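A short worksheet on the structure shown next.
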Amino acid sequence: MAILKPFQALRPYPQFASGVATQPYDVVNRKEVAAEAKKNPLTFFQVTRSEFAFDESESAYSQKVYEQAKTNLQQLINNKILFQEASACFYIYALTMKGRTQIGLVGLSSVADYEENKIKKHELTRPDKEQDRINHIATTKAQTGNVFLAYKNVSAIDDLLHQWKDIHTAIYDITTSDDVRHAIWVIDEQKEITAIEHLFATKVPHTYIADGHHRAASAAKVFAQTKTEKAKHFLTTLFPANQLHIMDYNRLVKDLNGHSEEQFLKLVSQDFIVTKKNSPAIPTNAKEFGMYINGIWYTLLAQEHTYENKNTIEKLNVSILQTALLQPILNIDDPRTNQRIDFAGGIRGWQELVQRVDNKDCVVAFMIYPITMDELFAVADEEKIMPPKSTWFEPKLRDGLLTNLIGDYSF
């Protein structure tokens, strides 16, 4: 069963919350970070992406950068921008985007649960990205990145969280530039804290990483290195699966592998039913894909032989596209390493695909019907690994609103 613990969050005073809150460290580039830091001196990027303070010749992964992050975090405390909660609490984090709300619980999950696969994974991690966050956590003595977990919903947990937020005032209620509302409540009464721990310990056998595989792996390795009591747990926000929304994660390819457009379409039609469209071919069902090439949209419907008698992984839409089109026709062997393929999260919409093809950045783009939570759970339960770039979750949590310290700071 799942271990979940309350913690003393490091968080901003309410009047500074909107300035401190930043996008996750791994969804922005160095130039975007620098631009944000220039206009917003409170941005938490000064902790999560402190390389902006250095010349571009300085590697973002240098020890100087991590030391600067630690200095900046202490400075935010010294300047009374951030403070630490007086006692260990849980926090409710509600995200609202386009009229849809998902309500999560912020607490500390157990490294032991992660190592024993009670926290289930569905992605491989990259050693370089892991090492970056290991160095960041080990140097700053802070877990600044939230691991986004899902669990099969439990009505008693839903009821408790709804009841609390209905009779208490949110400590933060801000709307970010992407028009997402972030509201947070603090659960600071021992009766409810104990009830939450008990519910997870008795009703939730497993949790699943939705987003944050590198953050979770890094936290586990920091504990393995340090063996300190405070590093035994790591910062997580847990959402019931029935409230989550997975968006498409689309593919763009830079060339047709030597084929003419006519040859390419003929090859595609061997495994897909190809239909020209007069409007964006947004997939509406599994086994259906949208394709944009040379100013024209097509719907691709996978023929049955591409997925019949296949295992859980092979039946996924991303797998069908890979094994029936990208690999055999376009010679995209490994999408993790092949430089001829790029990816676009569904939050950018079909317009991103059109723009990049029309601008000759890529030759052909594919929209993929999103993976479902049931498919994600099935893969994780079988202890298998999703193909790369399979899931895109929106909306995303903001860094800086709740941080877990695993070392000492001066207050």
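The values are calculated or read from the model by the stated rules, or taken from the named source; none is laboratory data. The structure presented is a predicted model; accordingly, all values stated were derived computationally and were not measured. Ideal geometry is used to build each Cβ from the backbone, glycine not excepted, and the neighbour counts take in all protein chains shown. Each accessible area value is taken on the protein alone, full model and side chains, heavy atoms only, with ligands, DNA and RNA left out. Shrake-Rupley method; radii C 1.70, N 1.55, O 1.52, S 1.80 Å.
Quick notes on this structure:
- The protection proxy used here, the mean number of other Cβ atoms lying within 10 Å of each residue, ranks peptides 121-130, 36-45 as follows, highest first: 36-45, 121-130.
- For segment 118-178, convex hull of alpha carbons as volume per residue, Å³: 201 Å³
- The alpha-carbon of LYS287 sits under 18 angstrom from the alpha-carbons of these aspartates and glutamates, leaving out residues fewer than 8 places away in its chain: ASP248, ASP271, GLU304, GLU308, GLU314, ASP374, GLU375.
- Sites TYR13 and ALA286 - FRET efficiency at Förster radius 56 Å, r taken between beta-carbons, to 0.05: 0.75
- Per residue value of the accessible surface for segment 165-289 (all protein chains in place, 1.4 Å probe), Å²: 49 Å²
- Hz values of 3J(HN,Hα) by residue in segment 287-304 - Karplus curve (6.51, -1.76, 1.60), Gly and Pro given as x: 6, 10, 9, x, 10, 10, 8, 6, x, 10, 9, 10, 9, 10, 10, 5, 6, 4
- Local charge for ALA302 was computed over the other residues whose Cβ lies under 9 Å away, with Lys and Arg +1 and Asp and Glu -1, and equals -2.
- Which of SER260, SER319 is most accessible, then next, and so on - probe 1.4 Å: SER260, SER319
- The modelled label-to-label distance for the pair THR323/GLN84, using points 7 Å beyond Cα in the direction of Cβ, is 5.1 nm.
- Each label point was placed 7 Å from the Cα along the Cα-to-Cβ direction; for GLU189 and HIS305 their separation is 6.5 nm.
- Annotation for segment 321-381 versus segment 164-209: alpha-carbon center distance of 34 Å.
- Carbon plus sulfur fraction of accessible area for segment 1-50, probe 1.4 Å, in percent: 53 percent
- Reducing segment 26-55 and segment 262-298 to their Cα centroids gives an inter-centroid distance of 40 Å.
- Net charge dipole size for the chain [Lys, Arg +1 and Asp, Glu -1 on Cβ; Debye, nearest 20]: 480 debye
- Approximating the spin labels as points 7 Å out from Cα along Cα→Cβ, the LYS129-to-ASN359 distance works out to 2.3 nm.
- Placing unit charges on the Cβ atoms of the charged side chains and taking the dipole of the chain about its Cα centre, the candidate lying farthest along the positive direction among ALA2, GLN68, PHE44 is GLN68.
- Only the Cβ atoms of Lys and Arg (+1) and of Asp and Glu (-1) were treated as charged; on that basis the dipole of segment 126-280 about its Cα centre amounts to roughly 540 debye.
- Proximal lysines relative to LYS203, as straight alpha-carbon distance under 27 Å, when same-chain residues fewer than 8 apart are discounted: LYS5, LYS118, LYS120, LYS121, LYS152, LYS165, LYS191, LYS230, LYS232, LYS384, LYS396
- For THR43, net neighbour charge (Lys/Arg +1, Asp/Glu -1) across residues whose Cβ lies under 10 Å away: +1
- Per residue solvent-accessible surface (Å²) - segment 100-143, probe of 1.4 Å: 36 Å²
- Farthest towards the positive end of the charge dipole of segment 120-171, among the residues GLN163, THR144, GLN131, is the Cα of GLN131, using unit charges on the Cβ of Lys, Arg, Asp and Glu.
- A cut-off under 13 angstrom between Cβ atoms defines the neighbours of ALA220, and their net charge, with Lys, Arg +1 and Asp, Glu -1, is +3.
- Cα centroid of segment 64-141 to Cα centroid of segment 382-408, whole Å: 9 Å
- Heavy atoms of TRP350: accessible area, 1.4 Å probe, square angstrom to 10: 90 Å²
- The angle between the Cα long axis of helix 213-226 and the longest principal axis of the Cα atoms of the chain comes to about 40 degrees, rounded to the nearest 10.
- Pairwise Cα distances in the chain exceed 32 Å in 40 percent of cases.
- Of the GluC sites (Glu not before Pro) in segment 163-235, the ones in a loop by DSSP (not H, G, I, E or B) with at most 15 other beta carbons within 10 Å are GLU189.
- Helix 30-39 vs. the chain, principal-axis angle (Cα, 0 to 90°, nearest 10): 50 degrees
- The value obtained for segment 75-186, namely the Cα convex hull volume divided by the number of residues, is 184 Å³ per residue.
- Most simply put, the chain has about 90% antiparallel DSSP beta bridges, counting only bridges with both residues inside it.
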